[in-house]
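Below is one structure, written out as structure tokens; the observations come after it.
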Amino acid sequence: MSSSRENREQVTTQTHSSRSVLGAHASRIQRLGSTLPFGDERHLAAHQWLVDEAYLLDAQAYEAWLDLLTEDIHYLMPVRVTTALGAGFDTSPGMAHFDEDKYSLSRRVARFLTEHAWTEDPPSRLRHHLSNVRTFATPDEEHLIVESATMLFRNRGDVRESSFISAGREDLLRRGPMPDGSGWQLARRTIMVDESVMRMQNLAIFL
Amino acid sequence: MTDQSAVLADVRRGMIPAHIYNDQEIFTLEKERIFSRAWVFVAHESEIARAGDYVVRRVLDDSFIVTRDEAGEIRAHFNMCLHRGMQVCRAEMGNASHFRCPYHGWSYRNDGRIVGLPFHQDAYGGEAGFKRKGQRLLPAPNLDSHNGMIFISLDPDALPLRDFLGDFAFYLDYYTKQSPSGIEMRGPQRWRVKANWKIGAENFAGDMYHTPQTHTSVVEIGLFREPKAEKRKDGCTYWAGNGGGTTYKLPDGDLEERLSYVGYPQEMIERMKTSWSAEQCRVIGQDGFMISAASVFPNLSFVHNWPRVADSDDVLPFISVRQWQPISENETEILSWFAVDAEAPEEFKALSYKAYLMCFGSTGMFEQDDVENWVSLTNTAAGSMARRLRLNSRMGILADDTEVIPALTAEQFAGPGSAHVGYSEYNQRELLARWADHLERPVTAAAALHVGTTGVGEDRRAIATRNGADASDDPPALEHVPSEDAAEVTGA
Ligand code: FES
Ligand SMILES: [Fe+2]
């Protein structure tokens, strides 16, 4: 799936994935130029992809969600840390909440599908609110970069306090998986959560 | 305050008043009588490897800057400006030679000494009005480390850390001394859960009984090959000094075969063989027990497990260190670190980290189910019915206190302390017995410290501080070989 252009990019560019512990395998394709116009077909396609994905995640339709991910997916959620202005970093070196490949994600999904994943029995009520979507072209036609903001609302049981996660995301979408080249799959995602101390009891969710 | 002696008596006979897991008065006592004197873990030396590196960590409400100064000494400064009490450092980590208070600009060297006091002459009349010389950020009353694990105690008269750990130090080596270089620690992931802090500490100390039920799903998906019900009870729990933990019984083999069975490569096994004592090797090699979870009183825990991290039969071991930081009677902040032998091959480190993320921490699949239980338990413990309930925590002993299964003999288990095969709650009782001992014993009020003046009622340490930092009265710090890298000063 890599053009010669991509190979050249891989030599020269750094991404959150390439700097993470387990993301060396991830595509290094990066954005080109400024935001695509909101009327651009590519933006419309990317936006729709994200909205459709949000519905799958709300419904915990994780098998269907897994099909939206490429085989070389890198799914990264760094741990944010508070550092002095000018420190040059704001994520915890060598640590993340998620630093996943397709195998580890598939295990997480498989666990939810057992009848003994107690943390989600009874299931949480989830709502992934999606906004601030903007799309960028890349050096090849096969890829788009999409940025978005997401706010996950999660409620469990009847009287427990609800919890939230606010995060920004940068996604790399790749054309496919249909034989005619239609549709898009997620090849790389970086989730920049807006808290250093999470206020959710666990991350038995996806963002 | 309510007399808690009946509660403590119940706890000591293994009958737990359910409300201790969500009781404001109990929590107030815990703050005063446990966390103001026990040794509390704050950081590992590898987190502050270079001069000037610092992390900010708390002991309940008290924030400390844990830093390596320019001379390589490790220090813990109370994170409060000596002037009007502003929090001096508001970052979580970084590298700094100085800390400047944002309020009025007093500044402190990373060894704690005050170096900048704007308008000292104009505002105070110089040294005559405010004795700047020798003033330093308030040091943690006690600071010590073991295998690079840095602890502080708010009690200036605390026992030495090594005595506090006691024979648990034997088991600590399995987690933190697999080679002469010890571990490096990464993280922590931090998150808050609506659960009482004691529940996690008890669970990690000895709850082998929950594994087959709570963690059914991770066995089903092939993540873990061990915790089948019948396997877990073949392991033993042990308690020694101020901590205890659980083990798995491994299949037949010698030391090398068993370390290899849980996924350690040969070169790491060679280093373990030279880093561990004959007895430490014997527990694994001859007795066949591999350490798993453990807790040190009051709120530090460890995990060692060996899941599958790819679609193959190979397993990969990981170590995690974690702290149950109490926020209130019904809320705990979990700090969960990944730890790995500093000399391990890079590929091992990466896969071990993957194993950690899949199993424990904020996203770990074991952890997800544990926390759900603890939150529900805490919630249920808040009401009046819970006050009537004495939970039976006597698993492993009969009504007359004799053991269901006798303790392992020295021939069967080479480690110190006492160990029992099978499901039991010996360790939960040990942990809560220490809890009861602390709650029973009143604390003496700490002496006040007066900043910049010769006040009445100052204690010896304050005077020493005021007179300057001569060697004998230097505040607690850890002697260190200065690091080779020059400090990069970024400010804080
Ligand atoms: S409070 Fe720190 S300088 Fe005034
Ligand atoms: Fe557990």
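What to note about this one:
- Boolean, B:Lys131 is among the basic types (Lys, Arg), in contact (Cβ under 8 Å) with a residue 60 or more places away in the chain and away from every other protein chain (no Cβ under 14 Å): yes
- The single residue among B:Ala71, B:Ala76 that is away from ligand 2 (no atom under 16 Å from the Cβ), of a type outside the set (Phe, Trp, Tyr), away from every other protein chain (no Cβ under 14 Å) and within 23 Å of B:Leu449 (Cα to Cα) turns out to be B:Ala76.
- Scanning region B:86-106 for residues that are near ligand 1 (Cβ under 6 Å from one of its atoms) and either closer than 24 Å to B:Ala43 by Cα or facing chain A (nearest Cβ under 10 Å) (or both) turns up B:Met86, B:Cys101.
- Only listed residue being closer than 30 Å to B:Arg434 by Cα, away from ligand 1 (no atom under 13 Å from the Cβ) and under 20 Å from the mean Cα position of the chain (by Cα), chosen from B:Val11, B:Val42: B:Val42
- Checking B:Phe64, B:Phe99, B:Phe119 one by one, the residue that is on the phi > 0 side of the Ramachandran plot and at pLDDT 95 or above is B:Phe119 and no other.
- Checking each residue in region B:256-277 for being surrounded by fewer than 18 Cβ atoms within 10 Å (Cβ to Cβ), part of a helix (DSSP H, G or I) and either in contact (Cβ under 8 Å) with a residue 12 or more places away in the chain or of a type in the set (Ser, Thr, Tyr) (or both) picks out B:Glu256, B:Ser260, B:Tyr261, B:Glu267, B:Ile269, B:Lys273, B:Thr274.
- Per the listing B:Tyr108, B:Tyr124, the residue uniquely more than 16 Å from ligand 2 (Cβ to nearest atom), among the hydroxyl-bearing types (Ser, Thr, Tyr) and under 23 Å from B:Ala446 (Cβ atoms) is B:Tyr108.
- Residue, farthest from the other protein chains (Cβ to nearest Cβ), within region B:219-246, restricted to residues that are touching a strand residue (DSSP E or B) at 6+ places or on another chain (Cβ under 9 Å) and in a loop (DSSP other than H, G, I, E, B): B:Gly241
- Selection from region B:183-202 of residues that are within 16 Å of B:Glu331 (Cα to Cα) and facing chain A (nearest Cβ under 9 Å): B:Arg190, B:Trp191, B:Arg192, B:Val193, B:Lys194, B:Ala195
- Residue count, region A:85-104 (criterion: outside any strand (DSSP E or B) and buried (at least 19 other Cβ atoms within 10 Å of the Cβ)): 2
- Residues in region A:178-195 that are more than 18 Å from the chain's Cα centre (by Cα) and either under 27 Å from A:Arg31 (Cβ atoms) or within 14 Å of another protein chain (Cβ to nearest Cβ) (or both): A:Met178, A:Asp180, A:Gly181, A:Ser182.
- Within the option set B:Arg57, B:Arg50, being within 13 Å of chain A (Cβ to nearest Cβ), closer than 17 Å to B:Gly148 by Cβ, part of a strand (DSSP E or B) and away from ligand 2 (no atom under 16 Å from the Cβ) holds for one residue only, B:Arg57.
- Residue check for A:Asp72: acidic (Asp, Glu), in a strand (DSSP E or B), touching a residue at least 60 places away in the same chain (Cβ under 8 Å) and more than 8 Å from every other protein chain (Cβ to nearest Cβ): yes
- Exactly one residue among B:Ile16, B:Ile20 is assigned to a strand (DSSP E or B), more than 16 Å from ligand 1 (Cβ to nearest atom) and closer than 23 Å to B:Glu202 by Cβ, and that residue is B:Ile16.
- The sole residue among B:Val42, B:Val115 that is without any contact (Cβ under 8 Å) to a residue 24 or more places away in the chain, in a strand (DSSP E or B) and more than 16 Å from ligand 2 (Cβ to nearest atom) is B:Val115.
- Checking region B:247-256 against the condition returns no match, with no residue being within 16 Å of ligand 2 (Cβ to nearest atom) and within 14 Å of another protein chain (Cβ to nearest Cβ).
- Among residues of region B:100-125 being among the aromatic types (Phe, Trp, Tyr) and surrounded by fewer than 17 Cβ atoms within 10 Å (Cβ to Cβ), the one that is nearest to the chain's Cα centre (by Cα) is B:Tyr103.
- Flag for B:Thr216 being within 14 Å of ligand 2 (Cβ to nearest atom), at the interface with chain A (Cβ under 8 Å from one of its Cβ atoms) and without any contact (Cβ under 8 Å) to a residue 24 or more places away in the chain: yes
- When A:Glu63 is tested against (1) modelled with pLDDT of 95 or more; (2) surrounded by fewer than 17 Cβ atoms within 10 Å (Cβ to Cβ); (3) more than 14 Å from chain B (Cβ to nearest Cβ), exactly one condition is not met: (3).
- Evaluated against (1) assigned to a strand (DSSP E or B); (2) aliphatic (A, V, I, L, M); (3) more than 16 Å from B:Met149 (Cα to Cα), B:Ala71 falls short on exactly one condition, (1).
- Qualifying positions in region A:109-161 - part of a loop (DSSP other than H, G, I, E, B), surrounded by 18 or more Cβ atoms within 10 Å (Cβ to Cβ) and within 14 Å of chain B (Cβ to nearest Cβ): A:Ala117, A:Ser124, A:Arg156
- Cβ pairs under 8 Å, 6+ apart, first in region B:342-370 and within 16 Å of ligand 1 (Cβ to nearest atom), second among the hydroxyl-bearing types (Ser, Thr, Tyr): none
- Residue within region B:112-125 that is within 13 Å of B:Ala477 (Cβ to Cβ), in contact with an Asp or Glu (Cβ under 9 Å, 6 or more places away or on another chain) and either more than 14 Å from chain A (Cβ to nearest Cβ) or within 11 Å of ligand 1 (Cβ to nearest atom) (or both) present: yes
- Residue count for region B:362-380, restricted to those that are at the interface with chain A (Cβ under 10 Å from one of its Cβ atoms), more than 13 Å from ligand 2 (Cβ to nearest atom) and not aliphatic (A, V, I, L, M): 4.
The values are calculated or read from the model by the stated rules, or taken from the named source; none is laboratory data. As the structure is a prediction and not an experimental result, all values here were calculated from the model. When we count neighbours, we look across all protein chains shown, and the Cβ atoms used for this are built from the backbone with ideal geometry, even at glycine.
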